[in-house]
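The values are calculated or read from the model by the stated rules, or taken from the named source; none is laboratory data. Fair warning: this is a prediction, and the values are worked out from it, not measured in the lab. Here the Cβ is made from the backbone with ideal geometry for all residues, glycine too, and neighbour counts use every protein chain on show.
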């Protein structure tokens, strides 16, 4: 590389503007009193839905709208869970004396009194949707309830299925890519169900917490169980591994698995926590600067949207958006064409061996995204094609480069028409 080109690279690196990594919505922004944010979900159109102890919130990228017993047929204010089905219907589980399940199809509200369908109580703690669009619900001491698209209800408990009686209070349910259901109980570990007849139980409390509030499945097919005292990871064909932030119990209510062996947690004591288990056990307490009220505020829900932003629901009624590589505008991701070109900082950084690079294009045209070593030698081409306006993400895997890449600083460059931008990243092994 000649000296002139080297200077161009380094000038671009030094003159980059740091992207916004946090956005915080207060009670006043949301139009709610101080109350718990209990659930978050993103629908097919990129709209964010939040369940609270005081009703439902909707965010279209510009405005927040509230739904409760005053302007809808809702019979309960406490919304425990929110799930979106393949038809973009919104399903809400409530914690109340009546009803239990609510559906919103973007025009009409339907309230289901679950006591009419074989349940003794009305609390629906969690909802998962299988490949046939059937709902599976975790309940308060009523076991596992299934509601299919033909309005058929079936309840699984210890009297008619393999579900253990001590597991009939089910805090969370997740369905994996194989249409296999995983559940966490409120005192007797966890289990799995093949949606037919086979049950498996995880009740060895030396490896898993008796109370399981959250379950997630990462890209390596590891199963994560968040409890009161600890977090457990079940590795297929390998066994269990336990983690805990402070050895005092955090109540890990929600989690998002990330790349490069890391997991994000919503905890009731410290709020947002990140676990890096690539080399041992490293915990990071993360909170928005300039908001001391959130530094030690707990949170009960956490999701990652389609563009990689983390949404965090706090127990004082705040909602925050966080992206270490720079927040992707909610307005833009909801269908508004970007007005600028942008190359974002890769995440994670440093990385080993994979990292995600995001960029946005404002006009149609040919786009090139390449990786160079510090001497300017091209080591990988990630994008080399025509792109329409929009937001894009690509994963760079250093181990896939022929011969592998050594640790060190690398430079990635985006070229789109006359726009050009470069940034550096650090590979560590």
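Within the range 274-305, the set of residues being within 21 Å of residue 357 (Cβ to Cβ) and part of a loop (DSSP other than H, G, I, E, B) comprises 278, 305.
Of the residues making up the range 182-191, those that are in contact with a strand residue (DSSP E or B) (Cβ under 8 Å, 6 or more places away or on another chain) and surrounded by fewer than 22 Cβ atoms within 10 Å (Cβ to Cβ) are 186, 187. No other residue among 308, 326, 317 is assigned to a loop (DSSP other than H, G, I, E, B) and touching a helix residue (DSSP H, G or I) at 6+ places or on another chain (Cβ under 8 Å) apart from 317.
Evaluate the range 242-258: report whether one residue or more is in a loop (DSSP other than H, G, I, E, B) and under 12 Å from the mean Cα position of the chain (by Cα). The answer is yes, given that some residue of the range 242-258 is in a loop (DSSP other than H, G, I, E, B) and under 12 Å from the mean Cα position of the chain (by Cα).
Taken over the range 43-58, the criterion of being modelled with pLDDT of 95 or more and under 16 Å from residue 304 (Cβ atoms) is satisfied by 48, 49, 50.
Conditions tested, residue by residue: (1) in the same structural domain as residue 299 (by TED's automatic domain parsing); (2) buried (at least 18 other Cβ atoms within 10 Å of the Cβ); (3) more than 22 Å from the chain's Cα centre (by Cα).
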| position | (1), (2), (3) |
| --- | --- |
| 328 | yes, yes, no |
| 368 | no, no, yes |
| 376 | no, no, yes |
| 389 | no, no, yes |
| 401 | no, no, yes |
| 405 | no, yes, yes |
| 408 | no, no, yes |
| 411 | no, yes, yes |
| 419 | no, no, yes |
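Considering only the range 78-86, I want to know if a residue exists there that is within 20 Å of residue 40 (Cβ to Cβ), exposed (fewer than 14 other Cβ atoms within 10 Å of the Cβ) and within 23 Å of the chain's Cα centre (by Cα).
Going residue by residue through the range 78-86, those that are within 20 Å of residue 40 (Cβ to Cβ) are 78-86.
So of that shortlist, the ones also exposed (fewer than 14 other Cβ atoms within 10 Å of the Cβ) come out as 86.
Imposing the further condition that a residue be within 23 Å of the chain's Cα centre (by Cα) reduces the set to 86.
For the range 78-86, residues within 20 Å of residue 40 (Cβ to Cβ), exposed (fewer than 14 other Cβ atoms within 10 Å of the Cβ) and within 23 Å of the chain's Cα centre (by Cα): present.
Any residue that is assigned by TED's automatic domain parsing to the domain that holds residue 187, surrounded by 21 or more Cβ atoms within 10 Å (Cβ to Cβ), modelled with pLDDT of 90 or more and in contact with a helix residue (DSSP H, G or I) (Cβ under 7 Å, 6 or more places away or on another chain) - is there at least one of those in the range 101-112? The answer is yes; a qualifying residue exists.
When residues in the range 151-187 are screened for being farther than 22 Å from residue 301 by Cα and part of a loop (DSSP other than H, G, I, E, B), 15 of them pass.
Just one of the listed residues (244, 276) is buried (at least 18 other Cβ atoms within 10 Å of the Cβ), in the same structural domain as residue 320 (by TED's automatic domain parsing) and in contact (Cβ under 8 Å) with a residue 12 or more places away in the chain, and it is 244. Name the residues in the range 385-407 that are farther than 17 Å from residue 356 by Cα and either part of a strand (DSSP E or B) or at pLDDT below 90 (or both), would you? Correct list: 385, 386, 387, 388, 389, 402, 403, 404. So, in the range 40-84, how many residues would count as being under 15 Å from residue 124 (Cβ atoms) and part of a strand (DSSP E or B)? Going through the range 40-84 one residue at a time, the tally reaches 8. For the residues 239, 184, the requirement of being more than 17 Å from the chain's Cα centre (by Cα), in the same structural domain as residue 134 (by TED's automatic domain parsing) and in contact (Cβ under 8 Å) with a residue 40 or more places away in the chain singles out 184.
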